[in-house]
Every structure is written in C-alpha cells, then in structure tokens.
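One structure below.
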Amino acid sequence: MKSMIVSSFAANIILLPDGKIRKPGSKHQKKIGEIQPIIQALALTGEQELVQKLIDVEVIACQGDTKYVAHLRYLQYCINYLREHFNHFYEGKTEQ
C-alpha cells in the first residue's frame, strides 16, 4: 500500500548530505546512515514496508550539542511523530 501523506511527510524531513556523514563514524553517524536512506526511499515511494522499517528503528540516546547528535535527535523526533500519527493507519487501529 502506498501513501501520499506519508510520502509527503518524509519528503519534508531535512537530511544531511551523504558526504557529511563520516564512515565508520560515531554511533550517532551510523544511526543517521541507517535512517536517512529509509526516509529518502519513503519520500519517493510511500511504501508501507518502509514506514514499518522506520517505526521499527531503535532509538538511541542523544545527549550533546554536536551537529550529528542534534540531527539524530531531530530524525528520531520525526520517527516518533510518524509512530504517533501514522502507525494506526498500518496496524488497522484507530486513535482514541
């Protein structure tokens, strides 16, 4: 199932350019490298499987003020927003 709403949501998430993420990098950079490709694909396709992949991403602690920690905090906020506002569409549940 494809969703234009979720696709539009993902397209509006700000991503770091791939060249800015060092490899192997810190745990925060690795997590950014895991999340961003899923968001990019979701923005293009709106596929339900990609929504589920994002919902299943394990959140890690983001304490600090570096640009990578701050960006990961932002991405995880977007994932939590997706969990709260769109997850019920894919699980057959309704918000109460």
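Since every read-out is calculated from the coordinates, none of them should be taken as a lab result. Computed from a predicted structure; not experimentally measured. For neighbour counting, all protein chains shown are included, and Cβ atoms are generated from backbone atoms with ideal geometry for every residue, glycine included.
Tabulated results
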{"item": "Folded to 0 to 90 degrees: helix 67-91 orientation relative to the chain principal axis, Cα", "result": "10 degrees"}
{"item": "Range in the chain, longest, excluding exposed GluC sites (Glu not before Pro) [loop by DSSP; at most 13 other beta-carbon atoms within 10 Å]", "result": "1-57"}
